[in-house]
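The values are calculated or read from the model by the stated rules, or taken from the named source; none is laboratory data. Because the structure is predicted, anything quoted here is derived from the model rather than measured. Note that we place each Cβ from the backbone using ideal geometry, even for glycine, and neighbour counts take in every protein chain shown. Areas reflect the complete protein model, heavy atoms only, side chains present, ligands, DNA and RNA absent. Shrake-Rupley method; radii C 1.70, N 1.55, O 1.52, S 1.80 Å.
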Amino acid sequence: MNKRHIRALAVFGIAVVALTGARGSGGGGCDNHSSSSSSSGGSNHDNDDNGTSGGSVSGGSGSANQALRDITIDKCAYDAATKNLTARITIKNDGVLDYDYDVTLKFKGASAVSATATTNDIAVAADASKSVDMTTPYTGTGDGSEYTKCEVTRASRS
């Protein structure tokens, strides 16, 4: 084979992996009001920590959504001691490459103005997991109970 054929085969192989995804894992999250599987292929579980709980992570089948599928929300709560909304996420990298993740998470509730927490450059080694706390100041005047859900709204890896 000449170099042109080898290059064409390599490009074709990369395109197939990009279109089908590198692996078929499902995303996950937690939701205080459900214990069934979500439509995105993830799992939900009850979380009754103090204050706010519940969360979700959406994830599609394309490789662009892989970073979302790697994230699980473990905890979503109001911390009265620090007056912050806090979430604990776990990023599971089942791949063979190390990645740096950027994550944006929103705290939501029926009567609450959404609050956003962002963290960047979370280094996760290949075939490893890492848990990270995400926080944002609570700007309300109550006890934080108006925030009932966390949701990862954006995630990327590089």
Selection over region 100-118 where residues are surrounded by 16 or more Cβ atoms within 10 Å (Cβ to Cβ) and either under 12 Å from the mean Cα position of the chain (by Cα) or closer than 18 Å to residue 133 by Cα (or both) yields a count of 9
Please find, within region 125-150, the residue that is nearest to the chain's Cα centre (by Cα) out of those that are without any contact (Cβ under 8 Å) to a residue 40 or more places away in the chain and assigned to a strand (DSSP E or B).
129
Does any residue in region 69-93 that is in contact (Cβ under 8 Å) with a residue 12 or more places away in the chain and of a type in the set (Asp, Glu) come within less than 9 Å, Cβ to Cβ, of a residue that is buried (at least 21 other Cβ atoms within 10 Å of the Cβ) and in a loop (DSSP other than H, G, I, E, B) six or more places away or on a different chain, and which pairs are these?
70/27; 70/59; 74/30; 79/138; 79/144
I want to confirm something. Restricting to region 131-150 and keeping residues that are under 18 Å from residue 104 (Cβ atoms) and in contact with a Cys (Cβ under 9 Å, 6 or more places away or on another chain), which single residue is most open to solvent (accessible area, probe 1.4 Å)?
149
Inspect region 91-102 for any residue being part of a strand (DSSP E or B), modelled with pLDDT under 95 and within 27 Å of residue 140 (Cα to Cα) and give the result as yes or no.
no
Inside region 91-148, can you point out the residues that are more than 19 Å from residue 74 (Cα to Cα) and of a type in the set (Phe, Trp, Tyr)?
99, 138
Does residue 90 count as within 11 Å of the chain's Cα centre (by Cα) and open to solvent by 20 Å² or more (accessible area, probe 1.4 Å)?
yes
